[in-house]
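*Asks:* Below is the structure I would like to discuss, written out as structure tokens.
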Amino acid sequence: GNSVTQMEGPVTLSEEAFLTINCTYTATGYPSLFWYVQYPGEGLQLLLKATKADDKGSNKGFEATYRKETTSFHLEKGSVQVSDSAVYFCALSYMDSNYQLIWGAGTKLIIKP
Amino acid sequence: SQTIHQWPATLVQPVGSPLSLECTVEGTSNPNLYWYRQAAGRGLQLLFYSVGIGQISSEVPQNLSASRPQDRQFILSSKKLLLSDSGFYLCAWSVQGSGAYNEQFFGPGTRLTVL
């Protein structure tokens, strides 16, 4: 079946460090892929998305490229800030799941000043 | 623009008491609606989703139920709360028929503590 696997957290980095949060998926065909962010005590917000292979989603300095050959959608940012501390969720949407979002477990990111 | 509201923001209830959480969406018609639960430090668990008034699909058997009495209103209920019902409850909506572009928009959540 369809599934999403994220790297376990927490991930702790210093301010201005380079960030990578790994996400791989299992699905046949061409799912849409998403990254959501959840700041402490809040609901989730869409961070970026990609709907076909080789698409790059980007927002707020974050980027992720849809890699079908490696079934991956890794989240990257060149220089993180303390305000990026949050939980990041990778998700996919695919017709076999009736287009429901299939969620990864989330990765908690802690940025230290 | 579309907005989604949830209330209450926080709730502390004794075991065995009833529950009613409400979610409303403004600025859109005929949305898909979702209830999720997030246990402390855990990922998201889809509880219910609805594609229209009175149409509810349950993902996980439990002592919770959901109803959609109006197009943009989604209610999560329980007759008797359990300790394990504690968590952060999130309501979300998406555009009907958006297919694979099923971006979901989340409310601010309700923090439920069952004592």
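The values are calculated or read from the model by the stated rules, or taken from the named source; none is laboratory data. Just so we're clear, the structure is a prediction, and the values are computed from it rather than from any experiment. Positions of Cβ are backbone-derived with ideal geometry, glycine not excepted, and every protein chain shown enters the neighbour counts. Only protein heavy atoms, including side chains, enter the accessible area calculation; ligands, DNA and RNA are left aside. Shrake-Rupley method; radii C 1.70, N 1.55, O 1.52, S 1.80 Å.
*Asks:* Can you pull a Stokes-Einstein diffusion coefficient for the protein assembly as shown at 25 °C (0.890 mPa s), Rh from Kirkwood over Cα pairs, as a whole number of µm²/s?
*Replies:* Using the Kirkwood radius from Cα pairs, D works out to 135 µm²/s.
*Asks:* Given that compact globular proteins tend to follow 2.2 N^0.38 Å, what is the ratio of the alpha-carbon Rg of segment A:1-109 to that value?
*Replies:* After normalising by residue count via 2.2 N^0.38 Å, the value is 1.01.
*Asks:* What share of the DSSP beta bridges in the protein assembly as shown is antiparallel, in percent to the nearest 5?
*Replies:* Given both bridge residues lie in the protein assembly as shown, the antiparallel proportion sits at roughly 90 percent.
*Asks:* How large is Rg over Rh for segment B:1-63, taking Rg from the Cα atoms and Rh as the Kirkwood inverse mean of 1/r across Cα pairs?
*Replies:* In segment B:1-63, Rg relative to Rh is 0.98.
*Asks:* Right, here's the next one. Could you state, as a whole-number percent, how many of the C-alpha pairs of segment B:31-115 are farther apart than 18 Å?
*Replies:* When every Cα pair of segment B:31-115 is considered, 42 percent fall beyond 18 Å.
*Asks:* If the label point is 7 Å along Cα→Cβ of A:ILE110, which residues in segment A:1-41 have backbone nitrogen under 13 Å from it?
*Replies:* A:9-14
*Asks:* Computed FRET efficiency, Cβ-Cβ of B:SER84 and B:GLU26, R0 35 Å: what is it to the nearest 0.05?
*Replies:* Efficiency, from the Cβ-Cβ distance: 0.60.
*Asks:* Suppose accessible area is computed on protein heavy atoms with a 1.4 Å probe; arrange B:TYR89, A:TYR39 from highest to lowest.
*Replies:* The ordering from most to least exposed comes out as A:TYR39, B:TYR89.
*Asks:* Cα-based count: Lys pairs in the protein assembly as shown below 18 Å, eight or more positions apart or different chains?
*Replies:* Going through the protein assembly as shown pair by pair, I get 10.
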